[in-house]
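What follows is a short report on a single structure.
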Amino acid sequence: MLSDPYAWLEQSLATIHQADWYRSVQTLHGRSGAIVQLDGREVINFASNDYLGLTGDERLIQAAIAATKEYGTGSTGSRLLTGHRQLHQQLERAIASLKQTEDALVFSSGYLANIGTIAALVGKRDLILADQYNHSSLKNGAILSGSVIVNYAHSDIEDLKIQLTQHRQHHRRCLIVTDSVFSMDGDLCPLPEIVAIAEHFSCMVLVDEAHATGVLGANGAGCVEHFGCTGQTLIQVGTLSKALGSLGGYVAGSSVLIDFLRNRAPSWIYTTGLSPADTAAALEAVQIVQQEPERRAKVNNNVDTLKHLMQRLPQLKLLPSESPILCVKQASATDALTTGEKLKAAGIFAPAIRPPTVPTSRIRISVMATHELSHLHQLVLALEAIAQHKSRLYF
Ligand SMILES: *Cc1c(COP(=O)(O)O)cnc(C)c1O
């Protein structure tokens with residue numbers, strides 16, 4: 001008798017359940033915003049990447065409708081064949097202008113931008129130095145490239161220096177890869193120090209601005225602008241799906257870099273061009289980011305208010321953050337799940353993030369420009385009630 005070659009799937013799922021690592025989808029209804037419909041009731045949404053509230057913005061919606069009417073729903077082919085429209089070029093120019101780079105290239109997602117770019121830039125003879133907390137797309141891009149990968153301790157410049165001293169000389173090219181805002185923690189990478197060390201060791205730097213674009217920097221250009229690194233030869237990647245409220249990814253940098261990627265990044269060459277609707281919505285969003293700094297001020301103001309409110313609750317352990325991502329530490333995956341469920345019961349949607357996504361369990365809170373003061377108060381009250389209940393159980 002041959003054994004069922006798929007039987008392992010169920011066993012594997014059982015193991016995932018046992019560790020409290022099991023995940024499943026939840027359906028949200030209606031237009032996304034600060035309040036969403038979840039399980040048949042309204043909850044305050046602290047789980048969205050829509051930092052500026054642009055996903056529901058009438059101008060993005062109208063831009064997407066107009067582009068769909070003009071060009072149809074799909075782009076019908078890869079960019080090098082039939083999938084390129086003037087809209088793509090306009091969006092790439094707009095991104096380059098926002099980022100103050102010579103050029104930019106739009107991918108169908110941020111994930112594809114990362115894996116395609118990393119795999120195009122380095123190979124077997126090369127070295128990748130990666131922050132241990134990098135996003136999955138950066139990690140998988142590194143693996144796909146076939147390079148030697150050395151992880152350095154999270155945001156630890158000393159460790160980066162030690163690793164470079166030990167490994168750099170044995171490799172042809174070297175690429176330092178890091179999130180700018182760490183997606184599951186909310187802290188920032190020490191970009192100026194990374195840039196300085198990269199220069200010293202002759203390394204390229206790829207920085208993932210997914211959670212920073214539209215949010216950080218005086219003009220919303222991201223962490224690079226925030227740290228005054230605009231104009232440095234960097235490889236900036238990011239997504240159109242977070243603060244920009246659409247879908248897709250991009251790389252911004254020198255024209256020679258972009259020209260090279262158009263010829264060498266398989267996840268750009270061999271995939272269908274971004275849809276007209278997504279492209280037009282993102283283009284509108286980039287313009288709004290530049291024209292309406294008050295949205296950025298509002299989200300950052302909300303972050304300050306929430307941090308201030310939370311300081312009154314010493315029982316809440318807030319992880320270090322300099323972005324709209326705030327994380328409340330939880331003792332275990334089970335604890336995180338329980339807190340998440342209790343928050344939901346209190347009308348708050350803030351997800352439990354557990355291993356293997358992160359090393360330690362937490363509740364992850366994303367603050368948006370569209371949150372009102374009352375939303376922040378309700379979140380803090382709910383967290384306080386849950387924390388008090390827990391301490392009563394212990395003492
Ligand atoms: C979300 C995210 C991505 C992926 O972007 P998508 O456009 O959603 O594929 C890449 N890097 C980081 C750091 C992210 O948070």
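Each reported figure results from applying straightforward, stated rules to the coordinates on display, with no laboratory input. Quick caveat, the model's predicted, so the values are computed rather than measured. Don't worry about glycine lacking a Cβ; one is built from the backbone with ideal geometry, like all the others, and counts go over all protein chains shown.
The table for this structure:
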quantity	calculated
For Ala120, net neighbour charge (Lys/Arg +1, Asp/Glu -1) across residues whose Cβ lies under 12 Å away	+1
Lys/Arg +1, Asp/Glu -1 at C-beta; the chain dipole; positive extreme among Val195, Gly222, Leu38	Leu38
Helix-derived mean residue ellipticity, 222 nm - over the chain, DSSP H n ≥ 4, -39500 (n - 2.57), to 500	-13500 deg cm²/dmol
Distance violations [Cα-Cα > 30 Å] among Lys139/Lys317; Lys307/Lys390; Lys139/Lys344; Lys99/Lys161; Lys69/Lys242; Lys139/Lys329	Lys139/Lys344
Percent antiparallel among DSSP beta bridges (both partners in the chain, rounded to 5)	55
The chain: Cys lacking any partner C-beta under 4.7 angstrom	Cys189, Cys223, Cys229, Cys327
Equivalent ellipsoid, the chain (semi-axes from 5 times Cα gyration tensor eigenvalues, Å)	33, 27, 23
Farthest toward positive dipole pole in the chain [+1 Lys/Arg, -1 Asp/Glu at C-beta], among Ala331, Ala104, Asn263	Ala331
Sites Ala218 and Ser3 - FRET efficiency at Förster radius 45 Å, r taken between beta-carbons, to 0.05	0.15
Net charge, Ile269 excluded, C-beta distance under 9 Å - Lys, Arg +1, Asp, Glu -1	+3
The chain, dipole about Cα centre (Lys/Arg Cβ +1, Asp/Glu Cβ -1), debye to the nearest 20	360
Within a Gaussian network of the chain (alpha carbon springs, distance under 10 Å), most fluctuating of His375, His308, His84	His308
Within segment 267-316, trypsin sites (Lys or Arg not before Pro) in DSSP loop having at most 13 other beta-carbon neighbours inside 10 Å	Arg312
Segment 157-173 versus segment 223-249: alpha-carbon centroid distance in Å	26
Antiparallel DSSP beta bridges within segment 58-291, percent to nearest 5	40
Radius 13 Å from Cβ of Asn301, net charge of other residues (Lys, Arg +1; Asp, Glu -1)	+1
5 angstrom amide H check on Ser78, placed H, neighbours 5+ away	Gly83, Gly273
Given charges at Cβ of Lys, Arg, Asp, Glu: the chain dipole, positive-most of Ala280, Thr360, His377	Thr360
GNM flexibility winner over the chain from His226, His211, His171 (Cα, springs under 10 Å)	His171
Gaussian network model of the chain, springs between alpha carbon atoms under 10 Å - residue of Ile115, Ile235, Ile16 with greatest fluctuation	Ile16
For segment 58-291, size of Cβ-based charge dipole, Lys and Arg +1, Asp and Glu -1, in debye	820
